[in-house]
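Have a look at the structure below, then the notes.
The values are calculated or read from the model by the stated rules, or taken from the named source; none is laboratory data. Predicted model, so just to flag it, every value in this text is computed and none were measured. Here the Cβ is made from the backbone with ideal geometry for all residues, glycine too, and neighbour counts use every protein chain on show.
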Amino acid sequence: MYMRFINRQQELSRLDRLANSEEAAMAVIWGRRRVGKTRLLLEWAHKYQGIYYTADESAPAIQRKYFALALQQALPDFAAVEYSDWHSLFMRLAKEAMYTGWRGPLIIDELPYLISSSPELASVLQRFIDHEGKKAKMIVALSGSSQRMMQGAVLDASAPLFGRANEIIKLGPITAGYMAEGLNIKSSREVVETYSIWGGIPRYWELVNNNRGSFFENIDQLVLDPLGALNDEPNHLLLEEAAISLRPILDAMGLGAHRLSEIAARIGQPVTSFMRQIQRLLELDLIEREISFGSTEYNSKRTLYKIKDPFMRFWFEIVAPQRSYFTQISSAQRQAYLKNSFQPIFSVTWEELCRAAVPRFPYQLSNIAFGRASRYWHKQDSEWDILANSIEGKALFIGEAKWIAKPPSAQWIYKTIEELKYKGLPPTARQSNKQVVYGLFIPEKPKDLDLPENIQVIDANEVLQVLR
């Protein structure tokens, strides 16, 4: 069962502009598997009576037949002809489109499958876009999940279709602020906990929505159970992106290795041997580079590499190390194991959401606009969860994120804020005379707190509101 279509209005409006254009136009939509490209394109196709075709890994002649059958929905008898090559098919398409006035949108999903079996197709499409398709004023959208192959065909400067796209949309995960709407969750605390496992991937939300179990039942039945739909999900995701070389790095990170030297020790290879794989994982948005506040040196010792996607992080930290064990025990035992393992997962995700929210708060932070927030750590120094400079450079935000089991008392809040203030300023900010604004992020907060203007207490509901 499909979930309601949410949080893609910006992307849809960009595609709408193309569909309403009086001239030919091309869009490129790409992003990792499961992120919702197909659903976005289907919504767009339905809105304008377009043609949606998804490729597979069959033989070229079969692919052309299926493509022709899809086009027959708009162009009668188009599949009555057997096309010996892609050039003849697209020439006929341009001719029929001109004759009937049909402009699309024509959507080709999983384009890399077609190019993999017919490398000449990229050049055929280039000619079609530049000449015959342009004369027919056609609206064309190309989509794919394999970043490596999409770059080779469309995105790289050397690609045949480079520079032709009017819109290039890299589709990312849905932000946490939409999860309550997508999964009908009432509690902001529950949203954060659920997002900590499933992240912002629509397909995972859909599976959870259809499974209709409890929080722990859904995880067990979909992920931990050997027959679960997502039990082997990371391997499927990495299959088209050189999984053999990428998987060990994610395993090492799941086991707690975040510095390059630590990863090298875990996998038993020198750092220089896996930097290309690190770069590929960064490009895929599966990992992220974290730099300590105040540091700009990417190769410094104050740089960490972490799994970015919440589901992948959960899988490599909790599932992968115990996968064999999980196959030997009952569902009840697996769920009991989960209940004792989640606090660190929740805390890390909560910190990340709080940092992401800081630049998006319009007025809550003492009426000061702050930029991107980051964490501070260095050797034996104290650590700070959330630090951000104001846009004007005259103020510093210092925040602490606490994921606690129960709503706190006002007394606990006052004490925690005093402890945060007692830590002072991070070394990189001690020589400045900036105004300091303090923030405490907690799941729930009591009403009527008596705090000065430069101290803010922000709850999960407020964080999720701005992450929309």
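What helices (runs of 4 or more DSSP H), lying completely within segment 242-324, carry at least 3 residues that are of a type in the set (D, E) and more than 24 Å from the chain's Cα centre (by Cα)?
Output list is empty.
Which residue out of I413, I391 is aliphatic (A, V, I, L, M), without any contact (Cβ under 8 Å) to a residue 60 or more places away in the chain and buried (at least 18 other Cβ atoms within 10 Å of the Cβ)?
The match here is I413.
Does at least one position in segment 347-360 carry a residue that is farther than 24 Å from M253 by Cα, of a type in the set (A, V, I, L, M) and surrounded by 17 or more Cβ atoms within 10 Å (Cβ to Cβ)?
Within segment 347-360, one or more residues are farther than 24 Å from M253 by Cα, of a type in the set (A, V, I, L, M) and surrounded by 17 or more Cβ atoms within 10 Å (Cβ to Cβ).
Which one of A94, A79, A74 is in contact (Cβ under 8 Å) with a residue 12 or more places away in the chain, part of a loop (DSSP other than H, G, I, E, B) and among the small types (G, A, S)?
A74
Output the helices (runs of 4 or more DSSP H) that fall wholly within segment 117-177 and possess 1 or more residues being touching a Pro at 6+ places or on another chain (Cβ under 8 Å), or say none.
So the answer is 121-130, 147-150.
Looking only at segment 405-444, which residues are of a type in the set (A, V, I, L, M, F, W, C), assigned to a loop (DSSP other than H, G, I, E, B) and within 29 Å of G294 (Cα to Cα)?
L425
Counting only residues that are assigned to a loop (DSSP other than H, G, I, E, B) and in contact (Cβ under 8 Å) with a residue 24 or more places away in the chain, which one in segment 198-230 is surrounded by the fewest Cβ atoms within 10 Å (Cβ to Cβ)?
Checking each candidate, the answer is P226.
Quickly run through segment 79-117 and pick out the residues that are in contact with a Gly (Cβ under 7 Å, 6 or more places away or on another chain) and β-branched (V, I, T). Show your work before the answer.
First pass over segment 79-117, keeping only residues in contact with a Gly (Cβ under 7 Å, 6 or more places away or on another chain): 94, 104-107, 110-112.
Passing the criteria: only I107.
Using the structure shown, decide if M179 is more than 22 Å from W403 (Cβ to Cβ), buried (at least 19 other Cβ atoms within 10 Å of the Cβ) and of a type outside the set (D, E, K, R). Walk me through how you get there before you give the answer.
On the way: more than 22 Å from W403 (Cβ to Cβ): no; buried (at least 19 other Cβ atoms within 10 Å of the Cβ): yes; of a type outside the set (D, E, K, R): yes.
Here the answer is no, as M179 does not meet what is asked.
Pick from segment 445-465 the residues that are assigned to a strand (DSSP E or B) and not polar (S, T, N, Q): which of them is nearest to A405 (Cα to Cα)?
Of the residues in segment 445-465, the ones assigned to a strand (DSSP E or B) are 455-459.
Right, trim to not polar (S, T, N, Q) and you get 455, 457-459.
Details: I455: 23, V457: 17, I458: 16, D459: 13 Å.
Per the criteria, the residue is D459.
Would segment 190-204 turn up any residue that is farther than 19 Å from F311 by Cα and outside the structural domain of P443 (by TED's automatic domain parsing)?
No, segment 190-204 contains no residue that is farther than 19 Å from F311 by Cα and outside the structural domain of P443 (by TED's automatic domain parsing).
Out of everything in segment 349-365 that is of a type in the set (A, V, I, L, M) and touching a Phe, Trp or Tyr at 6+ places or on another chain (Cβ under 9 Å), what residue ends up being nearest to F316 (Cα to Cα)?
Per the criteria, the residue is L353.
For segment 429-454, which positions are surrounded by fewer than 16 Cβ atoms within 10 Å (Cβ to Cβ) and either closer than 23 Å to F342 by Cβ or polar (S, T, N, Q) (or both)?
Those that are surrounded by fewer than 16 Cβ atoms within 10 Å (Cβ to Cβ) and either closer than 23 Å to F342 by Cβ or polar (S, T, N, Q) (or both): Q431, S432, N433, Q435, E444, N454.
Which ones in segment 15-40 are under 19 Å from the mean Cα position of the chain (by Cα) and either within 18 Å of I168 (Cβ to Cβ) or outside any loop (DSSP other than H, G, I, E, B) (or both)? I'd like the intermediate steps shown before the answer.
Going through segment 15-40, the residues under 19 Å from the mean Cα position of the chain (by Cα) turn out to be 28-40.
Those that are under 19 Å from the mean Cα position of the chain (by Cα) and either within 18 Å of I168 (Cβ to Cβ) or outside any loop (DSSP other than H, G, I, E, B) (or both): V28, I29, W30, G31, R32, V35, G36, K37, T38, R39, L40.
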